[in-house]
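Down below is the structure, laid out as structure tokens.
The values are calculated or read from the model by the stated rules, or taken from the named source; none is laboratory data. Computed from a prediction, not measured in an experiment: that's the story for all the values here. Every residue, glycine as well, gets a Cβ built from its backbone with ideal geometry; the counts of neighbours run over all protein chains shown.
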Amino acid sequence: MGDPKFSRRRYDTPSHPWQGERIKEENVLLKKYGLKNKKELWKVQSLLRNYRRQGRTLLARLRYGDVQAEKEIKGLLNKLANLGVLADDATLDDVLTLETERILERRLQTLVYLKGLAYTPKQARQLIVHGHATVSGRKVTVPGYLVKRNEENSIAYNPYSPLENEMHPARPSAEHVERVIREFTKLKEEVKEDLKKDVKKGEKKKAGVEEQGEDRKIKKKSSEPKVEEKADKKVKDSETEGET
């Protein structure tokens, strides 16, 4: 039968174990999205790192006139748009400015809470693991499942679950659902604003790089006559020494 196959680790750990600022940021994300441990956060960060790496390589290939790179760029942008991470009119620069929270917001655990099916993200995790949530009529027991854009409206309780009964005590009230929906709409607006800000930052960075390149060209041009003057001085010095 051969040797058994051992699955490889699909995430990268931090380069240094003790970094105060990084640890604080990780703890905030763990509480905000109800993650079980930092391993789940590192998986999301590794996935985002892979998307950025792929975007940088495609951008470099595109500059060299690679025709296949254009097709791969469209495939990457369509994939991220279907996941709801990017907008339909996003560019490759938007991939390079993605943040970890963009992907954490697409996890099934987060969307179950934002849809008002649970009081807290921790309860949303429990409902998913125990098989009380479905996506497109299919039971999903993985809290880290990335929900596609066309599946977002199909998140609901499992029809065979006791929570399907509206009178169940563990089911959130209508007031709670309305409050979560309002927060969800605000979150979407904030995400759109953040995307616009990221685009503006990318444009400013490009303009800054172009200005730096022009400044360097001007400095080179201004330094060229100085070099010629130095060469002329050396020639004159050598002539005077020869005369003496």
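Here is a list: GLY116, GLY137, GLY131. Which entry is over 26 Å from GLN45 (Cα atoms) and free of Cβ contacts under 8 Å to residues at least 24 places away in the same chain? Working first, answer last.
Numbers: GLY116 fails: free of Cβ contacts under 8 Å to residues at least 24 places away in the same chain; GLY131 fails: free of Cβ contacts under 8 Å to residues at least 24 places away in the same chain.
Of the residues listed, the single one that is over 26 Å from GLN45 (Cα atoms) and free of Cβ contacts under 8 Å to residues at least 24 places away in the same chain is GLY137.
Would you be able to say whether some residue in the range 127-146 is touching a strand residue (DSSP E or B) at 6+ places or on another chain (Cβ under 9 Å), surrounded by 18 or more Cβ atoms within 10 Å (Cβ to Cβ), of a type in the set (A, V, I, L, M) and assigned by TED's automatic domain parsing to the domain that holds LEU41? No, every residue in the range 127-146 fails to be touching a strand residue (DSSP E or B) at 6+ places or on another chain (Cβ under 9 Å), surrounded by 18 or more Cβ atoms within 10 Å (Cβ to Cβ), of a type in the set (A, V, I, L, M) and assigned by TED's automatic domain parsing to the domain that holds LEU41. Every condition in (1) surrounded by 14 or more Cβ atoms within 10 Å (Cβ to Cβ); (2) touching a Phe, Trp or Tyr at 6+ places or on another chain (Cβ under 9 Å); (3) outside any helix (DSSP H, G or I) is met by THR13 except one, and the failing one is (1). How about the range 63-85: which of its residues are touching a residue at least 24 places away in the same chain (Cβ under 8 Å) and either part of a loop (DSSP other than H, G, I, E, B) or buried (at least 19 other Cβ atoms within 10 Å of the Cβ) (or both)? Scanning the range 63-85 gives LEU80, GLY84.
Can you tell me which residue among LYS32, LYS43, LYS5 is more than 28 Å from ALA124 (Cα to Cα) and either acidic (Asp, Glu) or not assigned by TED's automatic domain parsing to the domain that holds VAL112 (or both)? Before you say what the answer is, go through the steps one by one.
Working: LYS32 fails: more than 28 Å from ALA124 (Cα to Cα); LYS43 fails: more than 28 Å from ALA124 (Cα to Cα).
Of the residues listed, the single one that is more than 28 Å from ALA124 (Cα to Cα) and either acidic (Asp, Glu) or not assigned by TED's automatic domain parsing to the domain that holds VAL112 (or both) is LYS5.
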